[in-house]
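J.: Starting off with a structure, shown below.
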Amino acid sequence: MRLEWEGKREPAVEPLALPSTEPLLIHQDNLEALAGLAGRMARLVYLDPPFMTGDAFKMDGADAYRDDLGPDAYIQMLYERLVLVRRVLAPDGTVIVHLDHHASHAVKLVMDEVFGRFLNEIVWFYQGGALTSVRRHLPRKHDVLLWYANGPDHVFNPPRGDQVSDSMTRRWGHYADAEGRVPFGRIRREGQTHARLQRRFIRQHQRPPQDDEIAFVMQGSLLRSVWADLPEIRNSPRYAEATGYPTQKPLCLLERIVKMTTRPGDLVIDPFCGSGTTLLAAERLGRRWIGIDRSPAAIEVAARRLSRVDVIRVGEVEPAESPTRPAV
Ligand SMILES: C[S@@+](CC[C@H](N)C(=O)[O-])C[C@H]1O[C@@H](n2cnc3c(N)ncnc32)[C@H](O)[C@@H]1O
């Protein structure tokens, strides 16, 4: 299926001649910047674009960024950038677009067209905000993260929640030590669980286990595609993490995403980086990163949050020789 809209066309843009170093914070429209990054082999590209809300977002009374494109212009804007994202993505890389009810339904069709390999629609459920002002429909309390792969094999580190399930705690809790480790000696020798864990141990160590050796560690259960366990962040000084930049996302959300989709040393690109949350998550987790934003306020906040950063400002780099032609 193909989505059609008024003025649909492939990107034609002059790529920037960018330095090959990382990390990089690029103050620039992400169209030219993404074109200039072609061939970088990112393991994750995370995009948190304007959501097509029709609003203007302010910081300290001044415009931080505007979200005022109509539906056709909005979809065209994202389409062009997604086509360029494919050119910076490693064959085993994945892309996540973070949206809400305004445009996620239409962008999903665009993602089907550009990437095709759908992985998950992750629902990030958040608390907070008034419930009483909504009279005609249910309160809209989740964002949608559209997750797609570039190729048949992609990096996936299954994420686990912090909470060990009640049934596991009931069954194993009193045999486990303070770190949740259960030794072979506490598992009934004749049972199937012992046999299964013993087979796994022998595969790993080429010998049978002793009674005091660890059979397994109790851990939180595998996360499903609805994430409702993350603490919220509000644009208020009461939240230590809040920078004052509008629509800032929680660091724990981005850390979960970066851990799930990349390995240490991998490159993460965020073309709508705002206050730099993704870049900070990548840095804390030992990943390389490149962030792009065209808002001066965003670049200022992001540069403050990141310890070592090379900022490339508008006008500092020239376009490369040849314009980027329509995607293959
Ligand atoms: C939703 S905010 C990103 C928030 C960010 N994830 C955070 O945690 O702070 C969207 C950002 O996209 C930027 N933006 C919008 N259009 C852009 C474009 N064409 N090129 C570069 N940045 C753009 C805006 O300036 C804004 O900072």
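J.: Looking at residue 300, is it within 16 Å of the ligand (Cβ to nearest atom), in contact (Cβ under 8 Å) with a residue 24 or more places away in the chain and acidic (Asp, Glu)?
T.: Details: within 16 Å of the ligand (Cβ to nearest atom): yes; in contact (Cβ under 8 Å) with a residue 24 or more places away in the chain: no; acidic (Asp, Glu): yes.
Criteria not met by residue 300.
J.: Anything in the stretch 201-211 that is closer than 29 Å to residue 161 by Cβ and either part of a loop (DSSP other than H, G, I, E, B) or small (Gly, Ala, Ser) (or both)? List them, or say none.
T.: Passing the criteria: only 209.
J.: Starting from residues that are within 10 Å of the ligand (Cβ to nearest atom) and crowded, with 20+ Cβ neighbours inside 10 Å, keep the ones in the stretch 60-77 and report whichever is nearest to residue 12 (Cα to Cα).
T.: 65
J.: If you go through the stretch 261-285 one residue at a time, how many are surrounded by fewer than 22 Cβ atoms within 10 Å (Cβ to Cβ) and within 7 Å of the ligand (Cβ to nearest atom)?
T.: 0
J.: Among the residues of the stretch 79-95, write down those that are surrounded by fewer than 22 Cβ atoms within 10 Å (Cβ to Cβ) and under 30 Å from residue 161 (Cα atoms).
T.: 90, 91, 92
J.: Taking into account only those residues within the stretch 20-36 that are among the charged types (D, E, K, R) and either crowded, with 24+ Cβ neighbours inside 10 Å or closer than 18 Å to residue 83 by Cα (or both), which is farthest from the ligand (Cβ to nearest atom)?
T.: The extreme case among them is 32.
J.: Follow-up question, since we're still on this one. With the requirement that a residue be in contact (Cβ under 8 Å) with a residue 60 or more places away in the chain, within 12 Å of the ligand (Cβ to nearest atom) and crowded, with 16+ Cβ neighbours inside 10 Å, what does the stretch 233-260 give you? Lay out the reasoning, then the answer.
T.: Restricting attention to the stretch 233-260, the residues satisfying the condition of being in contact (Cβ under 8 Å) with a residue 60 or more places away in the chain are 234, 243-247, 249, 253-254, 256-260.
Add one more test, that the residue is within 12 Å of the ligand (Cβ to nearest atom), and what stays is 243-247, 249, 253-254, 257.
Matches in the stretch 233-260: 243, 245, 246, 247, 249, 253, 254, 257.
J.: Still on this structure, I have one more. Taking the stretch 212-230, which residues are more than 24 Å from residue 185 (Cα to Cα), in a loop (DSSP other than H, G, I, E, B), out of contact with any Lys or Arg (no Cβ under 9 Å at 6 or more places or on another chain) and in contact (Cβ under 8 Å) with a residue 24 or more places away in the chain?
T.: 225, 228, 229
J.: Okay, moving on. Which number in (1) part of a helix (DSSP H, G or I); (2) closer than 25 Å to residue 229 by Cα marks the one condition that residue 121 misses?
T.: (1)
J.: Could you please let me know if residue 91 is at pLDDT 95 or above and either of a type in the set (S, T, N, Q) or more than 12 Å from the ligand (Cβ to nearest atom) (or both)?
T.: The answer is yes for residue 91.
J.: What is the residue count in the stretch 1-19 for residues that are surrounded by 14 or more Cβ atoms within 10 Å (Cβ to Cβ) and of a type in the set (A, V, I, L, M)?
T.: Here the count works out to 4.
J.: Yes or no: residue 49 within 18 Å of the chain's Cα centre (by Cα) and either within 16 Å of the ligand (Cβ to nearest atom) or among the small types (Gly, Ala, Ser) (or both)?
T.: yes
The values are calculated or read from the model by the stated rules, or taken from the named source; none is laboratory data. From a predicted model like this one, the values you see are computed outputs, not experimental measurements. Because the Cβ atoms are built from the backbone with ideal geometry, glycine has one as well, and the counts that use them run over all protein chains shown.
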